[in-house]
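Trainee: Quick one: structure below, then a few questions.
The values are calculated or read from the model by the stated rules, or taken from the named source; none is laboratory data. Bear in mind the structure is a predicted one, so any value in this text is a computation, not a measurement. Cβ atoms come from the backbone with ideal geometry, glycine included; neighbour counts cover every protein chain shown. Remember, those area values only see protein heavy atoms, side chains included, never the ligands or the DNA or RNA. Shrake-Rupley method; radii C 1.70, N 1.55, O 1.52, S 1.80 Å.
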Amino acid sequence: VETAAMCAGRLFVAASGELFVYDPQDDGSLRCTLTVPRIAREKREMRQLLPVPEWGVLLAVTDGPVHVLTLSTCEPLDQVPNSKGCVVAAADPSTGLLCCAQKRQLHLYLWRPEGLR
């Protein structure tokens, strides 16, 4: 397991470059309901999964760029521009700001319904 995150009762787990989504069952257990093959063609380690329900997205910080996926189906939507080398990301849904830390720099992006700016 590389990283994991929870949102609205769903568990997102990244392992071996793939994303697994577990949903709660009536008996209190979790069952894998969705397996998302590698986000990028190359096998990339996922460093962080950051669900942002207010935006309806799941951000996947990889050793390449940061990928933007739909929160409900985990379909790829976009990549955060100039985010290669990001080691950690943070989002503030109330202001629409996304911060990506790369080496000794912080990059700020503004989230709008049509995407990042």
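Trainee: Round to the nearest 10 and report in Å² the accessible area of SER29, as given by a 1.4 Å probe over the protein chains' heavy atoms.
Mentor: 50 Å²
Trainee: Once the convex hull of the alpha carbons of the chain is built, what does its volume come to per residue, in cubic angstrom?
Mentor: It comes to 100 Å³ per residue, whole-number rounded.
Trainee: With every atom except the alpha carbons ignored, what do you get for Rg and Dmax of the stretch 48-117, in angstroms?
Mentor: 10.9, 34
Trainee: Roughly how much of ASP27 is accessible, in Å² to the nearest 10, using a 1.4 Å probe?
Mentor: 120 Å²
Trainee: Calculate what fraction, in whole %, of the accessible area of the chain sits on carbon and sulfur atoms when a 1.4 Å probe is rolled over the protein chains.
Mentor: Here carbon and sulfur together make up 51 percent of the probe-accessible area.
Trainee: Shifting gears a bit: Place the peptides 49-60, 97-108, 2-13 in order of packing, highest mean first, counting for every residue the other Cβ atoms within 10 Å and averaging per peptide.
Mentor: 49-60, 2-13, 97-108
Trainee: Can I ask one more? Might you list the cysteines of the chain that have no disulfide-compatible partner by the rule of another cysteine's Cβ under 4.7 Å?
Mentor: CYS7, CYS32, CYS74, CYS99
Trainee: For the stretch 1-70, take the alpha-carbon Rg, divide it by the Kirkwood Rh, and send me Rg/Rh.
Mentor: Rounded to two decimals, Rg over Rh is 0.97.
Trainee: Also: Rolling a 1.4 Å sphere over the protein heavy atoms, what is the accessible area per residue of the chain, to the nearest Å²?
Mentor: The answer is 57 Å² per residue.
Trainee: How high is the FRET efficiency between ALA8 and CYS99 when r is their beta carbon distance and R₀ equals 22 Å, given to the nearest 0.05?
Mentor: 0.45
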